[in-house]
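Here's the structure, in C-alpha coordinates; my notes come after.
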Amino acid sequence: MEISPESRGMLKILQSTTIANRLGILLLTPMIILPCRAANTPTLTTLYSFTDLSDGGAPEAGLVISTGGALFGTTSSGGSGWGSVFELIPAKGGTWTEATLYSFTGGADGGNPIADLVIGKNNVLYGTTYWGGAHGYGTVFQLAPSQGGVWTEKVLYSFANGSDGANPATGLALTSTGVLYGTTYNGGASNLGTVFELIPSVSGWTEKVLYAFQGSADGSNPLTDLVVASTGSLYGTTSQGGSGTNSGGTYSNEGTIFELTPKGGGVWAETVLYTFTGGSDGSYPQSPLIIGANSVLYGSAFWGGAAACPVSDYPQGCGTIFQLIPPTGTGTTWTLSVIYAFTGHSSDGAHPYGKMAVNTSGELFGTTYSGGANVNTCMSDAFSGCGSVFSAKPPSKTGGKWTKSNITVFPGSPGGGTPTGVILSTGGSLYGTTISGGNTGGYGTVFLMTP
(Lines give C-alpha, C1' and ligand atoms only; values in the text may rest on other atoms or scores of the structure.)
Protein backbone atom coordinates (compact mmCIF):
# COMPACT_ATOMS: atom_id res chain seq x y z
CA MET A 1 0.00 0.00 0.00
CA GLU A 2 1.45 3.35 -1.05
CA ILE A 3 0.84 6.51 0.94
CA SER A 4 -1.60 8.74 -0.90
CA PRO A 5 -0.49 12.28 -1.77
CA GLU A 6 -3.06 13.83 0.55
CA SER A 7 -1.73 11.75 3.45
CA ARG A 8 1.92 12.44 2.71
CA GLY A 9 3.65 14.04 5.66
CA MET A 10 0.73 13.30 8.00
CA LEU A 11 1.03 9.54 8.43
CA LYS A 12 2.25 9.48 12.02
CA ILE A 13 -0.22 12.09 13.21
CA LEU A 14 -3.23 10.60 11.46
CA GLN A 15 -2.60 7.26 13.17
CA SER A 16 -3.61 8.86 16.43
CA THR A 17 -7.12 8.50 17.77
CA THR A 18 -8.84 11.75 18.70
CA ILE A 19 -7.58 12.72 22.13
CA ALA A 20 -10.28 13.76 24.58
CA ASN A 21 -9.98 17.16 26.19
CA ARG A 22 -9.33 16.51 29.86
CA LEU A 23 -8.12 18.58 32.77
CA GLY A 24 -4.65 17.82 34.12
CA ILE A 25 -3.42 18.30 37.66
CA LEU A 26 0.27 18.99 37.07
CA LEU A 27 1.56 22.52 37.55
CA LEU A 28 3.77 24.09 34.90
CA THR A 29 7.41 24.77 35.66
CA PRO A 30 8.10 28.54 35.62
CA MET A 31 9.41 29.67 32.24
CA ILE A 32 10.87 32.84 30.80
CA ILE A 33 10.06 33.39 27.12
CA LEU A 34 12.51 35.32 24.98
CA PRO A 35 11.84 36.43 21.38
CA CYS A 36 15.25 35.26 20.23
CA ARG A 37 18.12 33.24 21.61
CA ALA A 38 21.04 35.63 21.27
CA ALA A 39 22.10 39.00 19.96
CA ASN A 40 23.15 37.46 16.65
CA THR A 41 20.30 36.76 14.26
CA PRO A 42 20.19 33.04 13.37
CA THR A 43 20.34 32.24 9.66
CA LEU A 44 18.00 29.68 8.11
CA THR A 45 19.41 28.25 4.87
CA THR A 46 17.74 25.77 2.54
CA LEU A 47 20.42 23.28 1.49
CA TYR A 48 18.18 21.25 -0.82
CA SER A 49 14.58 21.21 -2.07
CA PHE A 50 13.06 17.86 -3.04
CA THR A 51 11.13 17.42 -6.29
CA ASP A 52 9.25 14.18 -5.45
CA LEU A 53 10.85 12.64 -8.53
CA SER A 54 13.95 10.44 -8.55
CA ASP A 55 15.39 12.35 -5.58
CA GLY A 56 12.39 11.63 -3.35
CA GLY A 57 9.91 13.85 -1.54
CA ALA A 58 8.28 14.54 1.82
CA PRO A 59 11.04 13.56 4.27
CA GLU A 60 9.11 12.64 7.42
CA ALA A 61 12.24 11.80 9.39
CA GLY A 62 15.27 13.73 10.56
CA LEU A 63 18.91 13.37 9.60
CA VAL A 64 22.09 11.66 10.74
CA ILE A 65 25.55 13.08 10.13
CA SER A 66 28.71 11.14 9.35
CA THR A 67 32.16 11.87 10.73
CA GLY A 68 32.98 13.39 7.35
CA GLY A 69 30.09 15.86 7.59
CA ALA A 70 27.74 14.22 5.09
CA LEU A 71 24.02 14.17 5.90
CA PHE A 72 21.88 11.06 5.42
CA GLY A 73 18.10 10.78 5.50
CA THR A 74 14.98 9.19 4.03
CA THR A 75 11.98 10.41 2.06
CA SER A 76 8.55 8.85 2.41
CA SER A 77 7.63 9.33 -1.25
CA GLY A 78 9.29 9.90 -4.61
CA GLY A 79 12.16 7.86 -5.94
CA SER A 80 10.38 4.96 -7.63
CA GLY A 81 7.19 6.01 -5.88
CA TRP A 82 7.91 4.38 -2.54
CA GLY A 83 10.50 6.67 -1.00
CA SER A 84 14.26 6.89 -0.99
CA VAL A 85 17.49 7.12 1.00
CA PHE A 86 19.57 10.18 0.21
CA GLU A 87 22.93 11.72 1.00
CA LEU A 88 23.76 15.42 1.05
CA ILE A 89 27.45 16.07 0.56
CA PRO A 90 29.12 19.37 1.53
CA ALA A 91 31.49 21.05 -0.90
CA LYS A 92 33.63 24.17 -0.93
CA GLY A 93 31.85 27.49 -0.97
CA GLY A 94 28.94 26.28 1.14
CA THR A 95 27.31 24.29 -1.66
CA TRP A 96 25.78 20.86 -1.13
CA THR A 97 25.21 18.02 -3.57
CA GLU A 98 22.29 15.60 -3.23
CA ALA A 99 22.69 11.93 -4.19
CA THR A 100 19.92 9.33 -4.11
CA LEU A 101 21.51 6.22 -2.65
CA TYR A 102 18.49 3.94 -3.01
CA SER A 103 14.89 4.08 -4.26
CA PHE A 104 12.41 1.64 -2.75
CA THR A 105 10.07 -0.32 -5.02
CA GLY A 106 7.40 -1.21 -2.46
CA GLY A 107 8.11 -4.91 -2.98
CA ALA A 108 10.38 -7.23 -1.06
CA ASP A 109 12.88 -4.41 -0.53
CA GLY A 110 10.38 -2.33 1.45
CA GLY A 111 8.51 0.91 0.90
CA ASN A 112 7.74 4.29 2.46
CA PRO A 113 10.46 4.86 5.08
CA ILE A 114 9.21 7.39 7.63
CA ALA A 115 11.98 7.07 10.23
CA ASP A 116 15.52 8.31 10.63
CA LEU A 117 18.62 6.24 9.92
CA VAL A 118 21.46 5.15 12.16
CA ILE A 119 25.09 4.86 11.02
CA GLY A 120 27.06 1.75 11.93
CA LYS A 121 30.61 0.57 11.31
CA ASN A 122 32.11 1.27 7.87
CA ASN A 123 29.35 3.86 7.27
CA VAL A 124 26.68 1.17 6.87
CA LEU A 125 23.20 2.69 7.26
CA TYR A 126 20.36 0.94 9.06
CA GLY A 127 16.70 1.90 8.84
CA THR A 128 13.08 0.76 8.60
CA THR A 129 10.26 0.96 6.07
CA TYR A 130 6.63 1.18 7.09
CA TRP A 131 5.35 -0.95 4.20
CA GLY A 132 6.77 -3.55 1.85
CA GLY A 133 8.96 -6.52 2.56
CA ALA A 134 8.23 -10.19 2.01
CA HIS A 135 4.83 -9.89 3.71
CA GLY A 136 3.98 -6.26 3.02
CA TYR A 137 4.16 -5.05 6.65
CA GLY A 138 7.50 -3.30 6.68
CA THR A 139 11.18 -4.09 6.96
CA VAL A 140 14.45 -3.48 8.70
CA PHE A 141 17.14 -2.83 6.08
CA GLN A 142 20.78 -1.97 5.74
CA LEU A 143 22.42 0.10 3.03
CA ALA A 144 26.12 -0.54 2.58
CA PRO A 145 28.59 1.51 0.51
CA SER A 146 30.96 -0.15 -1.94
CA GLN A 147 33.57 0.90 -4.46
CA GLY A 148 32.47 3.20 -7.24
CA GLY A 149 29.91 4.99 -5.11
CA VAL A 150 27.37 2.16 -5.39
CA TRP A 151 25.22 1.39 -2.35
CA THR A 152 23.66 -2.03 -1.82
CA GLU A 153 20.37 -2.49 0.03
CA LYS A 154 19.71 -5.67 2.02
CA VAL A 155 16.57 -6.51 3.98
CA LEU A 156 17.53 -7.82 7.41
CA TYR A 157 13.97 -8.65 8.45
CA SER A 158 10.46 -8.53 6.98
CA PHE A 159 7.56 -8.17 9.41
CA ALA A 160 4.64 -10.56 9.01
CA ASN A 161 1.96 -8.77 11.08
CA GLY A 162 1.92 -11.61 13.58
CA SER A 163 3.49 -11.82 17.00
CA ASP A 164 6.66 -10.36 15.43
CA GLY A 165 5.05 -6.95 14.83
CA ALA A 166 4.12 -4.83 11.83
CA ASN A 167 4.70 -1.37 10.38
CA PRO A 168 7.82 0.03 12.06
CA ALA A 169 7.39 3.81 12.22
CA THR A 170 10.54 4.58 14.18
CA GLY A 171 14.27 4.49 13.70
CA LEU A 172 16.66 2.00 15.26
CA ALA A 173 19.04 2.07 18.20
CA LEU A 174 22.40 0.45 17.48
CA THR A 175 24.64 -0.90 20.26
CA SER A 176 28.41 -1.33 20.22
CA THR A 177 27.90 -5.07 19.75
CA GLY A 178 25.88 -4.52 16.59
CA VAL A 179 22.46 -5.34 18.09
CA LEU A 180 19.56 -3.29 16.74
CA TYR A 181 16.58 -2.28 18.87
CA GLY A 182 13.34 -0.87 17.47
CA THR A 183 9.56 -0.76 17.71
CA THR A 184 6.60 -1.53 15.49
CA TYR A 185 3.44 0.54 15.48
CA ASN A 186 1.18 -2.47 14.87
CA GLY A 187 1.39 -6.22 15.29
CA GLY A 188 2.32 -8.22 18.34
CA ALA A 189 0.07 -10.32 20.54
CA SER A 190 -2.57 -7.57 20.81
CA ASN A 191 -1.84 -5.88 17.44
CA LEU A 192 -0.86 -2.71 19.32
CA GLY A 193 2.85 -2.69 18.63
CA THR A 194 6.05 -4.27 19.87
CA VAL A 195 9.61 -3.65 21.02
CA PHE A 196 12.05 -5.91 19.17
CA GLU A 197 15.73 -6.65 18.85
CA LEU A 198 17.69 -7.88 15.84
CA ILE A 199 20.81 -9.86 16.65
CA PRO A 200 23.50 -10.37 13.97
CA SER A 201 25.32 -13.66 13.44
CA VAL A 202 27.35 -15.34 10.71
CA SER A 203 24.17 -17.01 9.46
CA GLY A 204 22.06 -13.84 9.34
CA TRP A 205 19.90 -11.74 11.63
CA THR A 206 17.46 -13.04 14.23
CA GLU A 207 14.43 -11.04 15.33
CA LYS A 208 13.07 -11.37 18.84
CA VAL A 209 10.12 -9.54 20.37
CA LEU A 210 11.09 -8.18 23.77
CA TYR A 211 7.65 -6.81 24.61
CA ALA A 212 4.19 -6.67 23.01
CA PHE A 213 1.97 -3.80 24.09
CA GLN A 214 -1.49 -4.67 25.40
CA GLY A 215 -3.12 -1.26 25.02
CA SER A 216 -4.12 -0.94 28.64
CA ALA A 217 -2.04 0.72 31.34
CA ASP A 218 1.17 -0.38 29.60
CA GLY A 219 0.59 1.81 26.51
CA SER A 220 0.23 1.11 22.80
CA ASN A 221 1.44 2.11 19.33
CA PRO A 222 4.97 3.46 19.83
CA LEU A 223 5.99 6.23 17.41
CA THR A 224 9.38 7.41 18.69
CA ASP A 225 12.88 5.94 18.62
CA LEU A 226 14.18 4.00 21.61
CA VAL A 227 17.21 5.19 23.57
CA VAL A 228 19.64 2.82 25.27
CA ALA A 229 20.86 3.64 28.78
CA SER A 230 24.32 2.78 30.07
CA THR A 231 22.63 0.12 32.23
CA GLY A 232 21.29 -1.64 29.12
CA SER A 233 17.70 -0.56 29.76
CA LEU A 234 15.62 0.81 26.89
CA TYR A 235 13.55 3.98 27.26
CA GLY A 236 10.73 4.96 24.94
CA THR A 237 7.23 6.36 24.61
CA THR A 238 3.90 5.13 23.31
CA SER A 239 1.65 7.46 21.38
CA GLN A 240 -1.49 5.97 22.90
CA GLY A 241 -2.57 3.72 25.74
CA GLY A 242 -2.03 4.24 29.44
CA SER A 243 -4.73 4.90 32.02
CA GLY A 244 -5.17 6.38 35.47
CA THR A 245 -7.28 8.46 37.81
CA ASN A 246 -6.73 11.88 39.34
CA SER A 247 -8.81 14.69 40.83
CA GLY A 248 -10.14 15.49 37.36
CA GLY A 249 -11.45 11.96 36.88
CA THR A 250 -10.20 9.04 34.85
CA TYR A 251 -7.98 9.37 31.80
CA SER A 252 -6.72 6.90 29.21
CA ASN A 253 -5.16 6.57 25.78
CA GLU A 254 -2.97 9.67 26.13
CA GLY A 255 0.38 7.86 25.84
CA THR A 256 3.10 6.69 28.20
CA ILE A 257 6.82 6.79 28.95
CA PHE A 258 8.22 3.32 29.58
CA GLU A 259 11.38 1.48 30.51
CA LEU A 260 12.28 -2.01 29.32
CA THR A 261 14.80 -3.74 31.58
CA PRO A 262 16.76 -6.92 30.84
CA LYS A 263 16.27 -9.46 33.63
CA GLY A 264 18.60 -12.19 32.34
CA GLY A 265 17.88 -15.30 30.35
CA GLY A 266 16.48 -13.25 27.51
CA VAL A 267 13.60 -11.94 29.66
CA TRP A 268 12.71 -8.24 29.62
CA ALA A 269 10.29 -6.42 31.93
CA GLU A 270 8.31 -3.32 31.02
CA THR A 271 7.71 -0.57 33.58
CA VAL A 272 5.51 2.43 32.90
CA LEU A 273 7.40 5.44 34.26
CA TYR A 274 4.69 7.99 33.49
CA THR A 275 1.18 8.08 32.02
CA PHE A 276 0.05 11.28 30.31
CA THR A 277 -3.31 12.70 31.38
CA GLY A 278 -4.02 14.79 28.29
CA GLY A 279 -4.14 17.95 30.38
CA SER A 280 -1.44 20.41 31.35
CA ASP A 281 1.21 17.68 31.23
CA GLY A 282 0.58 16.88 27.56
CA SER A 283 -0.36 13.84 25.51
CA TYR A 284 0.67 11.89 22.41
CA PRO A 285 4.49 12.17 22.65
CA GLN A 286 6.13 12.65 19.26
CA SER A 287 9.86 13.08 19.93
CA PRO A 288 12.43 10.49 21.02
CA LEU A 289 13.57 10.80 24.61
CA ILE A 290 16.94 12.27 25.55
CA ILE A 291 18.87 10.90 28.53
CA GLY A 292 20.42 13.84 30.34
CA ALA A 293 22.59 14.30 33.41
CA ASN A 294 21.57 12.24 36.46
CA SER A 295 19.43 10.02 34.20
CA VAL A 296 16.79 12.72 33.73
CA LEU A 297 14.69 12.07 30.61
CA TYR A 298 13.66 14.91 28.28
CA GLY A 299 11.00 14.84 25.59
CA SER A 300 7.95 16.52 24.13
CA ALA A 301 4.23 15.87 23.75
CA PHE A 302 2.35 16.84 20.59
CA TRP A 303 -0.92 17.77 22.35
CA GLY A 304 -1.85 19.16 25.74
CA GLY A 305 -0.47 22.00 27.76
CA ALA A 306 -1.89 25.10 29.38
CA ALA A 307 -4.91 25.93 27.21
CA ALA A 308 -6.74 25.28 23.95
CA CYS A 309 -4.55 25.64 20.89
CA PRO A 310 -5.51 28.50 18.54
CA VAL A 311 -3.76 27.03 15.48
CA SER A 312 -5.40 23.60 15.25
CA ASP A 313 -8.91 22.22 15.03
CA TYR A 314 -8.74 20.53 18.41
CA PRO A 315 -9.49 21.90 21.89
CA GLN A 316 -6.30 20.50 23.41
CA GLY A 317 -3.24 22.59 24.08
CA CYS A 318 -0.41 23.11 21.60
CA GLY A 319 1.98 20.63 23.20
CA THR A 320 4.67 20.59 25.87
CA ILE A 321 8.36 20.05 26.55
CA PHE A 322 8.85 17.95 29.65
CA GLN A 323 11.45 16.41 31.92
CA LEU A 324 11.02 13.17 33.82
CA ILE A 325 13.13 12.96 36.97
CA PRO A 326 14.06 9.53 38.36
CA PRO A 327 13.26 8.57 41.94
CA THR A 328 15.70 9.29 44.74
CA GLY A 329 16.68 7.13 47.66
CA THR A 330 14.39 4.13 48.03
CA GLY A 331 11.57 5.72 46.04
CA THR A 332 10.11 4.23 42.88
CA THR A 333 8.11 7.13 41.44
CA TRP A 334 9.39 9.20 38.54
CA THR A 335 8.30 12.85 38.57
CA LEU A 336 7.27 14.72 35.42
CA SER A 337 7.41 18.49 35.20
CA VAL A 338 6.56 20.63 32.20
CA ILE A 339 9.45 22.76 31.01
CA TYR A 340 7.27 24.71 28.59
CA ALA A 341 3.72 24.68 27.21
CA PHE A 342 3.38 26.06 23.68
CA THR A 343 0.77 28.72 23.06
CA GLY A 344 0.49 28.58 19.27
CA HIS A 345 0.63 32.35 19.02
CA SER A 346 3.12 33.93 16.63
CA SER A 347 5.98 33.26 16.81
CA ASP A 348 5.84 30.69 19.57
CA GLY A 349 5.07 27.58 17.51
CA ALA A 350 2.70 24.70 18.14
CA HIS A 351 2.92 20.91 18.44
CA PRO A 352 6.57 19.93 19.07
CA TYR A 353 7.53 17.16 16.69
CA GLY A 354 10.60 15.13 15.80
CA LYS A 355 13.98 14.58 17.36
CA MET A 356 15.35 17.12 19.84
CA ALA A 357 19.06 17.82 20.35
CA VAL A 358 21.00 18.82 23.45
CA ASN A 359 24.35 20.58 23.77
CA THR A 360 27.03 20.20 26.44
CA SER A 361 25.37 22.92 28.54
CA GLY A 362 22.10 21.00 28.67
CA GLU A 363 20.27 23.39 26.32
CA LEU A 364 17.53 21.66 24.32
CA PHE A 365 16.78 22.38 20.65
CA GLY A 366 13.77 21.23 18.69
CA THR A 367 11.07 22.05 16.16
CA THR A 368 7.31 22.48 16.12
CA TYR A 369 5.12 20.92 13.47
CA SER A 370 3.04 24.07 12.98
CA GLY A 371 2.57 27.55 14.39
CA GLY A 372 5.21 30.25 14.13
CA ALA A 373 4.09 32.60 11.37
CA ASN A 374 0.38 33.03 10.78
CA VAL A 375 0.27 31.41 7.34
CA ASN A 376 -1.62 28.46 5.86
CA THR A 377 0.72 27.33 3.13
CA CYS A 378 2.21 24.10 4.46
CA MET A 379 -0.31 21.55 5.75
CA SER A 380 -4.08 21.48 6.07
CA ASP A 381 -6.05 24.30 7.66
CA ALA A 382 -6.18 22.18 10.81
CA PHE A 383 -2.50 23.07 11.37
CA SER A 384 -1.90 26.70 10.50
CA GLY A 385 1.65 27.96 10.41
CA CYS A 386 4.69 26.22 8.97
CA GLY A 387 6.53 25.46 12.19
CA SER A 388 9.45 26.83 14.14
CA VAL A 389 12.83 26.10 15.71
CA PHE A 390 13.08 26.63 19.47
CA SER A 391 15.53 26.24 22.31
CA ALA A 392 15.06 25.71 26.03
CA LYS A 393 17.95 26.67 28.30
CA PRO A 394 18.14 25.05 31.75
CA PRO A 395 18.27 27.14 34.92
CA SER A 396 21.63 28.11 36.34
CA LYS A 397 20.51 26.96 39.80
CA THR A 398 18.51 23.95 40.94
CA GLY A 399 14.84 24.80 41.05
CA GLY A 400 15.26 27.86 38.84
CA LYS A 401 13.49 28.77 35.66
CA TRP A 402 14.06 27.37 32.19
CA THR A 403 14.38 29.94 29.39
CA LYS A 404 12.53 29.14 26.18
CA SER A 405 13.58 31.05 23.05
CA ASN A 406 12.00 31.26 19.62
CA ILE A 407 14.93 30.89 17.23
CA THR A 408 13.11 31.15 13.89
CA VAL A 409 9.91 30.34 12.03
CA PHE A 410 9.59 28.55 8.69
CA PRO A 411 8.14 30.50 5.77
CA GLY A 412 6.72 27.56 3.79
CA SER A 413 7.35 28.19 0.10
CA PRO A 414 9.84 28.96 -1.28
CA GLY A 415 11.44 28.12 2.07
CA GLY A 416 10.74 24.97 4.06
CA GLY A 417 7.77 24.12 6.25
CA THR A 418 6.65 21.48 8.76
CA PRO A 419 10.06 20.56 10.25
CA THR A 420 10.80 17.09 11.60
CA GLY A 421 13.37 17.76 14.32
CA VAL A 422 17.03 18.73 14.40
CA ILE A 423 20.51 17.33 14.90
CA LEU A 424 23.35 19.36 16.37
CA SER A 425 26.71 19.69 14.61
CA THR A 426 30.08 20.15 16.31
CA GLY A 427 30.04 23.90 15.63
CA GLY A 428 26.60 24.42 17.12
CA SER A 429 24.69 24.56 13.83
CA LEU A 430 21.40 22.67 13.51
CA TYR A 431 20.46 20.47 10.55
CA GLY A 432 17.04 19.10 9.76
CA THR A 433 14.37 18.35 7.18
CA THR A 434 10.93 19.73 6.45
CA ILE A 435 8.04 17.64 5.14
CA SER A 436 6.69 20.43 2.95
CA GLY A 437 7.81 23.71 1.44
CA GLY A 438 10.85 24.39 -0.69
CA ASN A 439 11.25 25.98 -4.10
CA THR A 440 10.50 22.95 -6.29
CA GLY A 441 6.82 22.27 -5.70
CA GLY A 442 6.59 22.06 -1.92
CA TYR A 443 7.93 18.52 -1.45
CA GLY A 444 10.18 19.32 1.50
CA THR A 445 13.71 20.49 2.19
CA VAL A 446 16.96 19.92 4.03
CA PHE A 447 17.88 23.01 6.07
CA LEU A 448 20.76 24.47 8.04
CA MET A 449 20.22 26.74 11.04
CA THR A 450 23.32 28.75 11.87
CA PRO A 451 23.34 30.40 15.31
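Annotations for the structure displayed:
- Residues located in segment 412-428, provided they are at pLDDT 90 or above and farther than 23 Å from Ala115 by Cβ: Gly428
- Residue that is farthest from Ser190 (Cα to Cα), among those in segment 210-235 that are outside any loop (DSSP other than H, G, I, E, B) and touching a residue at least 60 places away in the same chain (Cβ under 8 Å): Val227
- Verdict on Gly132 being closer than 21 Å to Thr206 by Cβ and touching an Asp or Glu at 6+ places or on another chain (Cβ under 7 Å): yes
- Those residues of segment 416-443 which are surrounded by fewer than 24 Cβ atoms within 10 Å (Cβ to Cβ) and of a type in the set (A, V, I, L, M), in sequence order: Ile423, Leu424
Every residue, every condition in (1) of a type in the set (Ser, Thr, Tyr); (2) under 19 Å from Ser76 (Cβ atoms); (3) touching an Asp or Glu at 6+ places or on another chain (Cβ under 6 Å), yes or no:
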| site | (1), (2), (3) |
| --- | --- |
| Pro145 | no, no, no |
| Thr152 | yes, no, no |
| Ser163 | yes, no, no |
| Thr170 | yes, yes, yes |
| Thr175 | yes, no, no |
| Leu180 | no, no, no |
| Thr183 | yes, yes, no |
| Ser190 | yes, no, no |
| Ile199 | no, no, no |
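- Test: residue in segment 316-335 that is touching a Lys or Arg at 6+ places or on another chain (Cβ under 8 Å), at pLDDT 95 or above and closer than 22 Å to Ser370 by Cα: yes
- Residue list for segment 339-365, restricted to those being in contact with a Leu (Cβ under 8 Å, 6 or more places away or on another chain), part of a loop (DSSP other than H, G, I, E, B) and surrounded by 23 or more Cβ atoms within 10 Å (Cβ to Cβ): Met356
- Every test in (1) surrounded by 22 or more Cβ atoms within 10 Å (Cβ to Cβ); (2) of a type outside the set (Ser, Thr, Tyr); (3) in a strand (DSSP E or B) is passed by Gly412 save one, and that test is (3).
- Enumeration of residues in segment 176-196 that are surrounded by 21 or more Cβ atoms within 10 Å (Cβ to Cβ) and either of a type in the set (Lys, Arg) or free of Cβ contacts under 8 Å to residues at least 40 places away in the same chain (or both): Gly188, Thr194, Phe196
- Filter pass, Thr368 being buried (at least 24 other Cβ atoms within 10 Å of the Cβ), among the β-branched types (Val, Ile, Thr) and free of Cβ contacts under 8 Å to residues at least 60 places away in the same chain: yes
- Which listed residue is more than 27 Å from Leu448 (Cα to Cα) and of a type in the set (A, V, I, L, M), from Leu336, Leu364: Leu336
- Cβ-Cβ under 6 Å pairs, at least 6 apart or on other chains, segment 148-163 side under 19 Å from Gly204 (Cβ atoms), far side among the small types (Gly, Ala, Ser) and crowded, with 18+ Cβ neighbours inside 10 Å: Ser158/Gly133; Phe159/Gly138; Phe159/Gly165; Phe159/Ala166
- Being surrounded by 20 or more Cβ atoms within 10 Å (Cβ to Cβ), within 27 Å of Tyr185 (Cβ to Cβ) and of a type in the set (Gly, Ala, Ser) is a property that Ala144 lacks.
- Tally of residues being among the β-branched types (Val, Ile, Thr) and either crowded, with 23+ Cβ neighbours inside 10 Å or in contact with a helix residue (DSSP H, G or I) (Cβ under 6 Å, 6 or more places away or on another chain) (or both) across segment 315-338: 3
- Within segment 210-228, the set of residues being farther than 25 Å from Ala61 by Cβ and either crowded, with 24+ Cβ neighbours inside 10 Å or under 22 Å from the mean Cα position of the chain (by Cα) (or both) comprises Gly215, Asp218.
- When residues in segment 177-194 are screened for being in a loop (DSSP other than H, G, I, E, B) and within 15 Å of Thr139 (Cβ to Cβ), 2 of them pass.
- So Glu207, is it in contact (Cβ under 8 Å) with a residue 24 or more places away in the chain, out of contact with any Cys (no Cβ under 8 Å at 6 or more places or on another chain), closer than 21 Å to Phe322 by Cβ and crowded, with 18+ Cβ neighbours inside 10 Å: no
- Any hit, segment 157-165, residues being under 19 Å from the mean Cα position of the chain (by Cα), under 24 Å from Ala61 (Cα atoms) and crowded, with 20+ Cβ neighbours inside 10 Å: no
- Out of Ile3, Ile19, Ile25, sole residue that is loosely packed, with under 15 Cβ neighbours inside 10 Å and modelled with pLDDT under 50: Ile25
- Top-ranked residue of segment 379-409 - restricted to ones that are in a loop (DSSP other than H, G, I, E, B) and closer than 20 Å to Gly354 by Cβ, ranked as nearest to the chain's Cα centre (by Cα): Gly387
- For Asp348, the stated conditions hold: it is of a type in the set (D, E, K, R) and more than 28 Å from Ala229 (Cα to Cα).
Every residue, every condition in (1) within 20 Å of the chain's Cα centre (by Cα); (2) surrounded by 22 or more Cβ atoms within 10 Å (Cβ to Cβ); (3) not in a loop (DSSP other than H, G, I, E, B), yes or no:
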{"residue": "Thr237", "(1), (2), (3)": "yes, yes, yes"}
{"residue": "Thr245", "(1), (2), (3)": "no, no, yes"}
{"residue": "Thr250", "(1), (2), (3)": "no, no, yes"}
{"residue": "Phe258", "(1), (2), (3)": "yes, yes, yes"}
{"residue": "Ala269", "(1), (2), (3)": "no, no, yes"}
{"residue": "Thr277", "(1), (2), (3)": "no, yes, no"}
{"residue": "Ser287", "(1), (2), (3)": "yes, yes, no"}
{"residue": "Ser300", "(1), (2), (3)": "yes, yes, yes"}
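The values are calculated or read from the model by the stated rules, or taken from the named source; none is laboratory data. Source: prediction; values computed, not measured. With ideal geometry, Cβ positions are generated from the backbone for all residues, glycine too; neighbour counts draw on all protein chains shown.
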